[in-house]
Each structure stands twice: as structure tokens, then as C-alpha cells.
Amino acid sequence: MRKGANISKDVLLNPSVSSHRVIIPLYIPKEEDYYKESYQIFEYCLFSVIKTSATQLKISVISNNSCDSVNDKLYELQKKGCIDELIIEKEAVGKINSILKALRTAEERLITITDADVLFCNGWEEAVSGVFEAFPKAGAVSPVPVFRKHFHLTANIWIRHLFSKRLFFKHVKNTAALTRFANSIGWPWLDDKWKDAIGTLTSKNGTVAVLGCPHFVATYKREVFQELPKENSKFKLGGDSEYLYTDEPVLKMGGYRLSTYDNYAYHLGNQLEPWMNEVYNSVHEVPKKENTYSKFAVLRRNRLEYLFSEYLFKKILYFKPIKRMLLKSKGLTSTQINNFTS
């Protein structure tokens, strides 16, 4: 039976103000072997994003079939106010599907999706928002520039700036950070040919961004996810899941995939190293301020532009002579071109 009236009925929601959400999928099935240090690395990720964010952002953590000991610690973090939204899945639903659980209902203007092994540095949010403000067509921006991304899902950028010196190869701003990224994905070193030049785009106000955007950490304008597939991903990890759910929506909305020129975060991997502790201990808390990002241009879908860049111009870039000609016109030497196309 029901007795009395539900006091919540017909009451309007009054959500706390935030224009930026960070979504962190987490998978730690056990705290040993490969995953021995994974929880501590996750805490580096969580606390560094809290300390270094310039706005009062909201944080969603989705535990994807993590072990009970990890879930217990996550619940304690939520009780302390470190996590705004905690979703615990007892069944493994896959990385992308766990992200979708928070993403489909997120209403913030900016949405950052990050792996749980990313360490954020001071200035990352300001640098990312600076790129969005300087480039109205920006749809996804990463705080980590990565080598050899200049032709990866960037055809719409090349079309618009084919004959402009605003698209040009420049020296790498932070070669040490680029080397550390290579180390984090299992490369023992990074040859100079991988870090002597990088494709960039310069805005009218002088802001420099790097062409391309890695998957492991990126900030998106909310409207790009209007193009999300209606169904869930078929893959636990990999396959075409990241392309369909994080790359293609940006392109369909006519958005550019870019990165900051300098490095503002580190991909850690699954094993802690002394330098990671040093970087984590060096980040400091910054005062939070409100920002509605009202200056950011809203992306709108242009189907004809999308089809032309992704199905016609993109194929032209596959021809090696054309690719070499473009690289030369954008500032690379013959030696560099050989390294970039070999």
C-alpha cells in the first residue's frame, strides 16, 4: 500500500553548476601481477585531475568488473566527495560500453574521457580550453601531443588549410614528454626522427595546436556525441569501438581532432617509475573558477563536407607522391619526408 504523497513528485531538479565532466573507465580485476600497481596509478589520475583542474568539474568513474577490494575503495572515495558519479558493473561490459553509461546522460559543455593511467599536470584544462577557443572547428582536444598523427583522421583539416601556412610542421615543443609517451606503450627509446618535427595548426590569435588526437585522453564538445551509435559496442576492447564512438562522431559534426602544442599529461602504463612520483608530487592545487565556455562555437553537421573529406580527399592522401608533395609544402626536408613516409 501507499500512504501519503511522495515529497519529490513534481519538484524541479536543481543540479550543481559544472560545465566540464571527466569520465574515467576502470578495470582492475585483481590487485596482483599485471594489475599490482593499477589502483595507485588510478589514484594518481583521479587526484591529479582534481588538483589541477581550473574549474569545478564533475567526475564519473565506471568500475568495469573490478574486484571487490577496488570497488570498496572507490566507494570510500565517493563518500569523501572525490567522485561525483560512481557506477559499479559486476559483469565485464567492455571499455566503451562502460564509458557510454556516463556519457549518454552527461550534459556538461565539455566532456573529458581519460584512461585510468593518465597523470594530469597543472595547466591542462586551461590549455585544452584555449585550443577550443582559438579553433572554432575543434571538436576533440588532447592535452598530450603524439607523434605521427598528422594524417590520422585529419583530412577535414588538410582540406581547409591545404594552401595555408597556418598548417605547417614545427619543432616538437617537449621532446622529453614525447619520449616518455613512447616508453609508456612499450618502446625502449624514441629515435630523433620521431621527434624532430610535428604537424601543427596555428590560429589567428597565434595559438598553436598539434594535428591529431590520441584516444587515451581527450576532451570533447558535448554536441559531437549527438552522432553516437544507438547500439552498444560489440567489443570489450579495441576493434572499431574507439573509432565509432569517439572518432567518427567528431568527424561527422565537422570537428577537428587536435592536441595541445606542449604536453600537459602523461600516459603511465601499468608500472610506477620514480619520475612518475616526482611529477605527481609536483602538481599543486589551483583555485576553482566558474566557466560556462560560452565563447566556444557550436559544431553543426555538414554531411556533404564529411563525405568529401572522409571518402574522397582521404583517399587522395594514400597516394605516396601526393603525400610527399604535401609534406614538402608544409616545411619538411627531403630526409624528414623519407622518414615520415617510410
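The values are calculated or read from the model by the stated rules, or taken from the named source; none is laboratory data. Note that the coordinates shown come from a computational prediction; the quantities given were computed from them, not determined experimentally. Note that each Cβ is placed from the backbone with ideal geometry, even for glycine, and that neighbours are counted across all protein chains shown. Surface areas here come from the heavy atoms of the whole protein model, side chains and all, with no ligands, DNA or RNA. Shrake-Rupley method; radii C 1.70, N 1.55, O 1.52, S 1.80 Å.
Dividing the Cα radius of gyration of the range 281-337 by 2.2 N^0.38 Å, with N the residue count, gives 2.02. Taking amide H atoms as placed 1.01 Å from N in the peptide plane, the amide H of Lys58 lies under 5 Å from those of His20, Arg21, Val22, each 5 or more residues away in sequence or on another chain. Roughly how many percent of the accessible protein surface of the chain is carbon and sulfur, given a 1.4 Å probe and a whole-percent answer? The value for the chain is 52 percent carbon and sulfur by accessible area. Peptides 136-148, 25-37, 42-54 ranked from most to least packed, by the mean per-residue count of other Cβ atoms within 10 Å: 136-148, 42-54, 25-37. Looking at the range 157-191, the trypsin sites (Lys or Arg not before Pro) that sit in a DSSP loop and have at most 14 other Cβ atoms within 10 Å of their own Cβ are Lys165, Arg166. Taking the DSSP beta bridges with both ends in the chain, the antiparallel portion is around 50 percent. Please check which bits of the range 21-35 a label hung off Gln271 would reach, taking the label as a point 7 Å along Cα-to-C-beta and the cut-off as backbone N under 11 Å. The answer is 34.
The shape of the range 110-238 can be summarised by an equivalent ellipsoid whose semi-axes, obtained from the alpha carbon gyration tensor, come to 23, 21, 15 Å from longest to shortest.
Relative contact order, whole percent, for the range 159-231 stands at 28, derived from Cα pairs under 8 Å and 6 or more residues apart. The mean accessible area for residues of the chain, using a 1.4 Å probe and ignoring ligands and nucleic acids, is 50 Å² per residue. Average projection, convex hull of the Cα set of the chain: 20.5 square nanometres.
The range 26-71 and the range 79-115 have Cα centres spaced 12 Å apart. Using the alpha-carbon atoms, what tilt in degrees (0 to 90, nearest 10) does helix 320-329 show relative to the longest principal axis of the chain? With rounding to tens, the tilt is 90 degrees. Applying a DSSP loop filter and a limit of 10 other Cβ atoms within 10 Å to the chymotrypsin sites (Phe, Trp or Tyr not before Pro) in the range 157-197 leaves Phe163, Trp189.
Assuming R0 = 45 Å, can you tell me the calculated FRET efficiency for the pair Ala92 and Lys328, based on Cβ-Cβ distance, to the nearest 0.05? Given R0 = 45 Å and the Cβ-Cβ separation, E is 0.40. Among the chymotrypsin sites (Phe, Trp or Tyr not before Pro) within the range 279-323, those in coil by DSSP and having at most 11 neighbouring Cβ atoms inside 10 Å are Tyr318, Phe319.
When you restrict to C-alpha pairs under 8 Å that are six or more residues apart and normalise by the size of the range 196-289, the relative contact order lands at 30 percent.
Relative to the longest principal axis of the Cα atoms of the chain, the long axis of helix 124-134 makes an angle of roughly 60 degrees. Taking Cα atoms only, the orientation of helix 175-184 departs from the longest principal axis of the chain by about 60 degrees.
Each label point was placed 7 Å from the Cα along the Cα-to-Cβ direction; for Lys30 and Lys234 their separation is 3.1 nm.
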